[in-house]
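Participant: My structure is below; once you've seen it, I'll send some questions.
Bear in mind these aren't lab numbers, they're just calculated from the coordinates by the rules spelled out. Because the structure is predicted, anything quoted here is derived from the model rather than measured. Backbone-built Cβ (ideal geometry, glycine too); neighbour counts: all protein chains shown.
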Amino acid sequence: MNSLYHSLLALHPRQLTPIRCSVSTITKLQTYFEDVVLENGLSSLVIESMPTVVDRPARETARVKGIVDAAQDVVLFVTADDPLAQLLVDRTLEPKTAMIFERRGDDLQERFVVIADARFSALLAATGNPDDPTGNESVLVWTFEPDVVYSALEYIMARMTAEHPFHAGTFADAVRLSMPKATSLQLAMGVTTKLTRLVQEQTKRELALNRIATAIRNTRDLNNLLRTAANEVGRALNARCCAVQVEGELVGNTKTESFIRSDVIASNENQAELARDIELSKVNLRAIPKPWVIDGDAALDNGGVAQASVPLLYEGSYVGLLLVQSEAFRIWDDNELLLLHTVADQLSVAVNQAHLIAQLQVQALSDGLTGCYNRRAFEMQLERDLHLATRMRQPLSLIMLDADGFKRINDQAGHDTGDCALRIIAENLRTELRAVDSAARFGGDEFAVILPQADIEGALIVAERLRKKIAETEIPGYGFMTASFGLATFPVHASSRDTLVITADRALYESKAGGRNRVSLPPHDSHGTFDDATPLLDLEIPAEVLRT
């Protein structure tokens, strides 16, 4: 037997226009149809074919019970394992009972709601969209036309006769008692007004998603992106507050951004309470990485706060959360939870992108063998440090060092041992230098060290300490090695980046020519001073360097 959707579309092609929409939207529209019965006390016939779900929320079951109490007759088509199938068993001693039948059709994506009453008739029929492989979209028709609703009742009558003949007579009596005659314009307008509001809310959510997607494309600052996401989600859902937090190896330190609605006082107490809620949500989402929703009666036990939080997952691992809070009367619907899921997925991708970009930046500026700065990064860092030294009228020293007899290491012990020697030199540099100092592999077996705020005497002490450290370190598979050092100081020995490098390199040559394993100053050295009379360097700093 064809589905109700296809049968009605064949009988009333001019009166019905198929609409493609999400399953969550259909769920919302279904509740609007049911609200007419609940809010106006209609003694109507309500027939629903419920979608198959694994875990039906308790509030949805309670809603169906409310419809059973309000309506004249209720007929439900559900699968055998649906929690609603137990509704008949649980209510056998009560005066009103729903007729519940097992779905036997092949199309388990079929969904319909038919409401028949002397004052109001309505129909919603949907089926899965064959062009959407994800199953998240359906095609839908809906109307208030009494003749279309009557056609739907005829279809369901034929279905009852074929599949449940024992109950066909009871169903026919229910139809006769609730024969649709006309539709109240006021009741129909109530549904369409809610539908218009739903469209407006969806438009706000779509705009929020577009702005977040634009921020992901256009910004590399993760904090700004998180702030945009919190603001957009908070405003789109009219939430009391919204928070986004990411953490873990992908982002380094924990980052948290929040939104607080303008009518809510952003006091320290409120901020502290939000921070506590974030930590509690984190614990729950880490243990069970699925949405955590508190609303309705549960919100009253949660300090009068309705809350929904979803995890940010990357390759199945927790990397953060998205949390929204509102007043206790708030019930989070499927469309709102879908927005949270979508934003959480977007942010998970953005966190991964930020991690990849950071990795690429490190790789672009680092030497792959030693982990020190490469030549390009060294030049950029030296330019920045010289600019600062000029502005602050402070000295800066540059040390150039070269491994003695490095070719012999490669020839005697192999290139792997030579690579090991370079890594040991780099590790010694990292161990002995200050945090403000910068070490770079200048090329081959040559290294450069930038020492901000270091004069000649201080640089000589550092260079001598490095020389001894390297000479005392054994190279596995080879033995001990030494290194030669040359240093130059700005502005005593040079007044520009290029001349400083050249001067330090000449000092290194002096150490090589003088027997190696020593520290040398530039030839014909004269110790100058840096006072207020010393002219500032006229350095042209590239914009890229200043941004970095």
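Participant: With a Förster radius of 56 Å, plug the Cβ-Cβ distance of Gln186 and Ser317 into 1/(1 + (r/R0)^6) and report the FRET value to the nearest 0.05. It would help to have the intermediate numbers written out before the result.
Facilitator: Details: r = 54 Å, r/R0 = 0.96.
For Gln186 and Ser317, the calculated efficiency is 0.55.
Participant: Moving on. As a footprinting exposure proxy, order Val501, Val148 by other Cβ within 10 Å, with the fewest listed first. Don't jump to the answer; show the numbers that get you there.
Facilitator: Numbers: Val501 19, Val148 22.
Placing the least packed residue first, the sequence is Val501, Val148.
Participant: At q = 0.13, 0.16, 0.19 Å⁻¹, what log₁₀ I(q)/I(0) does segment 375-547 have when each alpha carbon counts as one equal point scatterer in the Debye sum?
Facilitator: Those come out to -0.62, -0.90, -1.20, one per q.
Participant: In straight Cα distance, which lysines are under 25 Å from Lys65, not counting same-chain residues fewer than 8 positions off?
Facilitator: Here the lysines satisfying the reach criterion relative to Lys65 are Lys28, Lys96, Lys194.
Participant: Looking at Gly418, Asn210, Gln453, which one has the Cα that reaches farthest to the positive end of the dipole of the chain (charges on Cβ: Lys, Arg +1; Asp, Glu -1)?
Facilitator: Farthest towards the positive end: Gln453.
Participant: Working from Cα positions, state the angle (0 to 90°, nearest 10) between the long axis of helix 334-365 and the longest principal axis of the chain.
Facilitator: Taking Cα atoms only, the helix is inclined about 20 degrees.
Participant: A follow-up question, please. Mind sorting Ser309, Ser258 by how few other Cβ atoms lie within 10 Å of their own Cβ, fewest first? Don't skip to the end; give the middle numbers.
Facilitator: Numbers: Ser309 24, Ser258 21.
Ranked by crowding around the Cβ, least crowded first: Ser258, Ser309.
Participant: Quick one: what are the phi-derived ³J(HN,Hα) couplings along segment 114-125, Karplus 6.51/-1.76/1.60 with θ = phi - 60°, whole Hz, x for glycine and proline?
Facilitator: 10, 10, 10, 7, 5, 9, 8, 9, 8, 9, 9, 9
Participant: Going Cα to Cα from Lys290, which lysines come in below 18 Å? Please leave out same-chain ones fewer than 8 positions away.
Facilitator: The qualifying lysines are Lys282.
Participant: Does a label point 7 Å from the Cα of Lys512, set along Cα-to-beta-carbon, have any residues of segment 471-499 with amide nitrogen under 17 Å, and which are they?
Facilitator: 482-488
Participant: With each label point set 7 Å from Cα along the Cα-Cβ vector, what nm distance links Asp147 and Asp55?
Facilitator: So the label points at Asp147 and Asp55 sit 4.8 nm apart.
Participant: Also: Please work out whether segment 4-183 counts as rounded, prolate or oblate from its C-alpha gyration tensor, where a ≥ b ≥ c are the square roots of the eigenvalues and a/c under 1.5 means rounded, while otherwise a/b larger than b/c means prolate and anything else oblate? Each step should come with its number before you reach the end.
Facilitator: Details: a/c = 1.39, a/b = 1.13, b/c = 1.23.
In terms of gyration-tensor shape, rounded.
Participant: Once you charge only the Cβ atoms, +1 for Lys and Arg and -1 for Asp and Glu, what is the size of the charge dipole of segment 164-297 about its Cα centre, to the nearest 20 debye?
Facilitator: Values: 18 positive and 15 negative charges, 109 e Å.
Dipole about the Cα centre, nearest 20: 520 debye.
Participant: I've got another one for you. Helix 456-471 versus the longest principal axis of the chain: what is the Cα-based angle in degrees, 0 to 90, to the nearest 10?
Facilitator: Its long axis makes an angle of about 80 degrees.
Participant: Relative to the compact globular guide of 2.2 N^0.38 Å, what is the alpha carbon radius of gyration of the chain, as a ratio?
Facilitator: Details: Rg = 37.0 Å, N = 548, 2.2 N^0.38 = 24.2 Å.
Dividing the Cα radius of gyration by 2.2 N^0.38 Å gives 1.53.
Participant: Can you list the residues, at least 5 places off or on another chain, whose amide H is less than 5 Å from the amide H of Val74, using H built in the peptide plane?
Facilitator: Those qualifying (amide H under 5 Å, at least 5 residues apart or on another chain) are Val46, Met99.
Participant: Name the residues of segment 380-402 whose amide N is less than 18 Å from a point 7 angstrom out from the Cα of Ala364 along the C-beta direction?
Facilitator: So the set is 380-384.
Participant: Here's something else I'd like to know. If each residue of separation counts as 0.36 nm, what is the full-extension length gain between Thr27 and Gln200 once their alpha-carbon separation is subtracted? Provide the component values of the computation, followed by the final result.
Facilitator: Numbers: separation 173, 0.36 × 173 = 62.28 nm, distance 1.65 nm.
Once the chain is fully extended between Thr27 and Gln200, it gains 60.6 nm.
Participant: Sticking with this one: What list do you get for Asp455, Asp55 if you sort them by fewest beta carbons within 10 Å? Mind showing how you got there, number by number?
Facilitator: On the way: Asp455 18, Asp55 6.
With the fewest neighbours first, Asp455, Asp55 line up as Asp55, Asp455.
Participant: Roughly speaking, what is the stretch gain from Met179 to Leu207, that is 0.36 nm per residue apart minus the C-alpha to C-alpha distance, in nm to one decimal?
Facilitator: Details: separation 28, 0.36 × 28 = 10.08 nm, distance 4.33 nm.
Stretched fully, the Met179-Leu207 segment lengthens by 5.7 nm.
Participant: Please give the length that would be gained between Arg119 and Glu279 if that part of the chain were fully extended, namely 0.36 nm times their separation in residues minus their C-alpha to C-alpha distance (nm, one decimal). If you can, show how the numbers build up before the last one.
Facilitator: Values: separation 160, 0.36 × 160 = 57.60 nm, distance 5.25 nm.
Length difference between fully extended and current span is 52.4 nm.
Participant: Using a 7 Å offset from Cα along Cα-Cβ at Leu11, what residues in segment 133-161 end up with backbone N under 16 Å from the label point?
Facilitator: From segment 133-161, the list is 141-161.
Participant: Could you give me the ³J(HN,Hα) list for segment 314-320, computed from phi with Karplus coefficients 6.51, -1.76, 1.60 and θ = phi - 60°, whole Hz, x at Gly and Pro?
Facilitator: Whole-Hz 3J(HN,Hα) from phi for segment 314-320: 10, 6, x, 9, 6, 10, x.
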